[in-house]
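Chemist: Dumping the structure here so I can ask a few things about it.
Taken together, the values in this text are just the output of simple stated rules run on the coordinates, not laboratory data. Source: prediction; values computed, not measured. For neighbour counting, all protein chains shown are included, and Cβ atoms are generated from backbone atoms with ideal geometry for every residue, glycine included.
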């Protein structure tokens, strides 16, 4: 398929405006941004570094960057440091004092200025390396570790000082995925800020989605198969409803009937990178579907939501391993595992799946029934993997990161 055919096919599927937005962001803006950075190198390479913390996260104010930001505000660091967000979405109104933001993708002198003068920068997804000596750049990642291989898909710039990893056990495995030598001086085991919520009390985000009381609430977080920006297709499987296991509307009706009969709610959280044109599953009486847009509209954070639910269904996504901190039942859907193109981190991935293994709808409903009945047969296995994958279980990831950066109140 030539360039013109690709363009017309995508326009017919996604619409002209969306296709042009992706082209501008991935092609045009990138070249213009490089020109601005060249100008910035002349203007600000020798300027005094400022007490500014530049933060980027997966979908703004979420994941590790969002959790670290919440900690900085709670502890009053914004009294001393200016905090600048690199945003994918519109800048929120009424940000706290000394906090601002600008568009991550749109080239501008303002963006270039902060890139060259901020002393600290952290990133979760759009990886920021330091522009000059004296800056400290940290890659926090937007998930802990999934079972899917990502070698050759994530490229880390040399200009990073710190790469968070969850444990000494996983450090060499992740180094290989990042094409880093091991051992190295960049990987650091500090704990992940986004896991602090599991240990620090406070309300979760379920209240933002419903005011009803259910016997059990299960969160389903499938990883993405087909990327929203056309750049990745990780699975060859064609999913009728855009999610695993459920084959058609009748399957949804059967599942919803079971949930309703047992006063249970299933929340389906679509991955923010998933192409939403492939997602056909819809809200029903006991099924609630969330995507990147609706979570922003409702102010819902994945980890604050995980805190409130009774169980998680995922697959080879990092979400299943983040949820180990909740110490609640997990199921792994593997019906399309053979169609996954990138392979897995471990030779025997089942050895690292401490939960129900699900290949079909009957097993899917069987897991939910066990949750409703209070059965948790994989508890000890789950805790063993949690201790292997995570060095810390204490809710102080943000504090340790602030100490590493040398921040002072």
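Chemist: With both partners inside the chain, how many of the DSSP beta bridges are antiparallel, as a percent to the nearest 5?
Modeler: Working: 5 of 45 bridges.
Antiparallel: roughly 10 percent of the beta bridges in the chain.
Chemist: Please state the shape class of the range 75-229: rounded when a/c is under 1.5, otherwise prolate if a/b exceeds b/c and oblate if not, all from the C-alpha gyration tensor.
Modeler: Numbers: a/c = 1.62, a/b = 1.10, b/c = 1.47.
Since a/c reaches 1.5 but b/c is at least a/b, the shape of the range 75-229 is classed as oblate.
Chemist: If you count the DSSP beta bridges with both ends in the range 206-389, what percent of them are antiparallel, to the nearest 5? Spell out each step's value before the answer.
Modeler: Values: 4 of 22 bridges.
The answer is about 20 percent antiparallel.
Chemist: Next up: Looking at the chain as a GNM with Cα springs under 10 Å, which of 279, 32, 217 has the largest mean-square fluctuation?
Modeler: Comparing 279, 32, 217 in the GNM, the peak value goes to 32.
Chemist: Let me ask another. Can you tell me, using C-alpha contacts under 8 Å and at least 6 residues apart, the relative contact order of the chain as a whole percent? If you can, show how the numbers build up before the last one.
Modeler: Details: 703 pairs, mean separation 69.5, N = 409.
That works out to 17 percent.
Chemist: A further question on this structure: Evaluate the relative contact order of the range 206-389 (contact order divided by residue number), counting alpha-carbon pairs under 8 angstrom at least 6 apart; express in whole percent. Don't skip to the end; give the middle numbers.
Modeler: Details: 285 pairs, mean separation 47.6, N = 184.
Normalised by residue count, the contact order of the range 206-389 is 26 percent.
Chemist: Angle check, please: helix 249-261 long axis (alpha carbons) against the longest principal axis of the chain (alpha carbons), in degrees 0 to 90, nearest 10.
Modeler: It works out to around 80 degrees.
Chemist: If you count, for each residue, the other Cβ atoms within 10 Å and average over each peptide, how do 36-45, 363-372, 104-113, 55-64 line up from highest to lowest?
Modeler: 55-64, 363-372, 104-113, 36-45
Chemist: Measure off 7 Å from each Cα along the Cα-to-Cβ vector at residue 240 and residue 215, then give the distance between these two points in nanometres to one decimal.
Modeler: Going by the 7 Å Cα→Cβ label model, 2.8 nm.
Chemist: While we're on this one: How much length, in nm to one decimal, is gained on full extension between residue 169 and residue 256, taken as 0.36 nm per residue of separation minus their Cα-Cα distance? Walk me through the numbers on the way to the answer.
Modeler: Details: separation 87, 0.36 × 87 = 31.32 nm, distance 4.05 nm.
Net length gain for the segment: 27.3 nm.
Chemist: Okay, moving on. Compute the FRET efficiency between residue 185 and residue 207 as 1/(1 + (r/R0)^6), taking r as their Cβ-Cβ distance and R0 = 45 Å, and round to the nearest 0.05. Write down the numbers at each step before the final one.
Modeler: Details: r = 44 Å, r/R0 = 0.97.
Using R0 = 45 Å, I get an efficiency of 0.55.
Chemist: What's the extension gain from residue 282 to residue 150 if we count 0.36 nm per residue and subtract their Cα-Cα distance? The partial results should precede the final answer.
Modeler: Values: separation 132, 0.36 × 132 = 47.52 nm, distance 2.99 nm.
Between residue 282 and residue 150, full extension yields an extra 44.5 nm.
Chemist: Hey, with R₀ at 25 Å, roughly what FRET efficiency would residue 248 and residue 359 work out to, going by the Cβ-Cβ distance, to 0.05? All intermediate terms of the calculation are to be shown ahead of the outcome.
Modeler: Values: r = 17 Å, r/R0 = 0.68.
Efficiency for this residue pair is about 0.90.
Chemist: How big is the Cα convex hull of the chain in projection, averaged over all directions, in nm²? Present the calculation step by step, with values, prior to reporting the outcome.
Modeler: Working: hull surface 81.9 nm².
Spelled out: convex hull of the Cα atoms, projected over all directions, averaged, 20.5 nm².
Chemist: With springs connecting C-alpha atoms under 10 Å apart, model the chain as a Gaussian network and identify which of 198, 346, 16 has the largest mean-square fluctuation.
Modeler: 16
Chemist: Let me ask you something else. Please give the FRET efficiency for residue 90 paired with residue 27, using the beta carbon to beta carbon distance and R0 = 35 Å, rounded to the nearest 0.05.
Modeler: Numbers: r = 23 Å, r/R0 = 0.65.
Computed FRET efficiency for residue 90 and residue 27: 0.95.
Chemist: Then there is this: Suppose each label sits 7 Å from its Cα in the direction of the beta carbon; what would the residue 263-residue 375 distance come out to in nanometres?
Modeler: According to this spin-label approximation, the distance is 2.1 nm.
Chemist: Here is a further query. Please work out the ratio of the alpha-carbon Rg of the range 206-389 to 2.2 N^0.38 Å and round it to two decimals. Could you put the intermediate results ahead of the total?
Modeler: Details: Rg = 15.6 Å, N = 184, 2.2 N^0.38 = 16.0 Å.
So the Cα radius of gyration is 0.98 times the expected 2.2 N^0.38 Å.
Chemist: If you don't mind, there's one more thing I want to ask. On a 0 to 90° scale, report how tilted helix 29-44 is relative to the longest principal axis of the chain, with both axes built from alpha carbons and the result rounded to the nearest 10.
Modeler: Approximately 40 degrees, to the nearest ten.
Chemist: In a GNM of the chain with a 10 Å cut-off on Cα contacts, which of 240, 137, 261 has the highest mean-square fluctuation?
Modeler: 261
Chemist: By count of other Cβ within 10 Å, fewest leading, how are 83, 313 ordered? Don't jump to the answer; show the numbers that get you there.
Modeler: Numbers: 83 23, 313 29.
In order of increasing Cβ crowding within 10 Å: 83, 313.
Chemist: How long is the gain from residue 80 to residue 50 if the chain were fully straight, where each residue apart is worth 0.36 nm and the alpha carbon distance is subtracted?
Modeler: Difference between extended and current length: 9.7 nm.
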